Amino acid sequence: MQEYEDYLLEYSSDYKKVKEAYPGDAMFDLFFGKGNWQQVIFKNTQVFDFEGLKGRYQSCSYALEEDSPQFHNAMDALRVIFERHQQNGKVTHWYHTVLYYGKLEYID
């Protein structure tokens, strides 16, 4: 949900920095050796009521603390997103998990 991504960019302490720090292909080439690794992407969903969505946000390292001056605005904005997308009091959060694997070579 692009709206939630935009929300994280606006109401998080360093979400953009965390997102940009994800390793890319060059990092895996360095670690495993060029062409010696693969990736598998697993699509996942989580279904939340509002309290669950709020908890999901608050469990992130980049979430605003409750004593932050912007925290109440962040919760109001999250409620608006939830209400816009909820069906029967729930929203589905789609995401993917990327698994990288390869064979390490022993160099003596």
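The values are calculated or read from the model by the stated rules, or taken from the named source; none is laboratory data. What you are looking at is a predicted structure, and each value in this text was computed from that prediction instead of being measured. Here Cβ is always computed from backbone atoms with ideal geometry, including for glycine, and neighbour counts include all displayed protein chains.
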Hey, any hits in region 88-101 for a residue that's part of a helix (DSSP H, G or I), surrounded by 13 or more Cβ atoms within 10 Å (Cβ to Cβ) and in contact (Cβ under 8 Å) with a residue 24 or more places away in the chain? no
Determine whether region 3-12 contains at least one residue that is within 30 Å of GLU83 (Cα to Cα) and part of a strand (DSSP E or B). yes
Which residues, taken from region 15-45, are under 12 Å from the mean Cα position of the chain (by Cα) and surrounded by 11 or more Cβ atoms within 10 Å (Cβ to Cβ)? TYR15, LYS16, VAL18, LYS19
Condition set part of a loop (DSSP other than H, G, I, E, B) and touching a residue at least 40 places away in the same chain (Cβ under 8 Å), scope region 51-64, selection surrounded by the fewest Cβ atoms within 10 Å (Cβ to Cβ): answer is SER61
Only residues in region 5-25 that are modelled with pLDDT of 85 or more and of a type outside the set (A, V, I, L, M) count as the first member; pair them with residues that are assigned to a loop (DSSP other than H, G, I, E, B) and surrounded by 12 or more Cβ atoms within 10 Å (Cβ to Cβ), Cβ under 8 angstrom, at least 6 apart or cross-chain, and list the lot. TYR11/LEU64; TYR11/GLN70; SER12/CYS60; SER12/TYR62; SER12/LEU64
Filter result (more than 26 Å from PHE31 (Cβ to Cβ) and within 13 Å of the chain's Cα centre (by Cα)) within region 88-108: HIS93, TRP94
Considering residues that are touching a Leu at 6+ places or on another chain (Cβ under 7 Å) and in a strand (DSSP E or B), the number found within region 13-41 is 2
Considering region 75-87, residues that are over 16 Å from the mean Cα position of the chain (by Cα) and hydrophobic (A, V, I, L, M, F, W, C), and then whichever is surrounded by the fewest Cβ atoms within 10 Å (Cβ to Cβ), we arrive at VAL80
Across region 15-48, the tally of residues that are in contact with a strand residue (DSSP E or B) (Cβ under 7 Å, 6 or more places away or on another chain) and over 24 Å from ILE107 (Cα atoms) stands at 9
Please verify whether region 74-90 includes one or more residues that are farther than 17 Å from LEU8 by Cα and touching a strand residue (DSSP E or B) at 6+ places or on another chain (Cβ under 7 Å). yes
